[in-house]
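I have placed the structure first, in the form of structure tokens, so that the comments after it can refer back to it.
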Amino acid sequence: MRPKTGHPSHTYGRYQNVFLTDGELADLQASFPAVWEQYIEKLSEYMASTGKRYQSHAATIRRWAGEDAKNGHTLMQPGLQRKGG
């Protein structure tokens with residue numbers, strides 16, 4: 001379950017700290033087909049290393065991807081596997 005909202009979610013990322021519902025994941029996959037996995041991993045590593053928390057992981061990924069696209073940046077990290085339920 002997603003903390004506070006009660007919506008069913010799954011954990012993602014190397015540190016199992018990125019929470020996304022099936023709908024959020026599908027939306028990220030459709031919006032960012034080439035890089036959605038890299039942004040999940042980036043968010044997972046960032047939160048684990050800094051202790052920072054976000055109210056919406058999907059919104060954070062969308063914001064980061066939008067900023068990177070606007071600035072002409074791309075991610076070049078290897079993909080990840082979905083973990084957990």
In region 42-73, residues that are at pLDDT below 95, surrounded by 10 or more Cβ atoms within 10 Å (Cβ to Cβ) and either aromatic (F, W, Y) or in a loop (DSSP other than H, G, I, E, B) (or both) total 1
Let me confirm something: among Y39, Y15, which residue is hydroxyl-bearing (S, T, Y), more than 17 Å from R63 (Cβ to Cβ), modelled with pLDDT of 95 or more and touching a helix residue (DSSP H, G or I) at 6+ places or on another chain (Cβ under 8 Å)? Y15
Only one of A30, A34 is modelled with pLDDT of 90 or more, of a type in the set (A, V, I, L, M) and not in a helix (DSSP H, G or I). Can you tell me which? A34
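The values are calculated or read from the model by the stated rules, or taken from the named source; none is laboratory data. Please read all numbers here as calculations on a predicted model, not as lab measurements. FYI the Cβ positions are ideal-geometry reconstructions off the backbone, even for glycines, and counts take in every protein chain you see.
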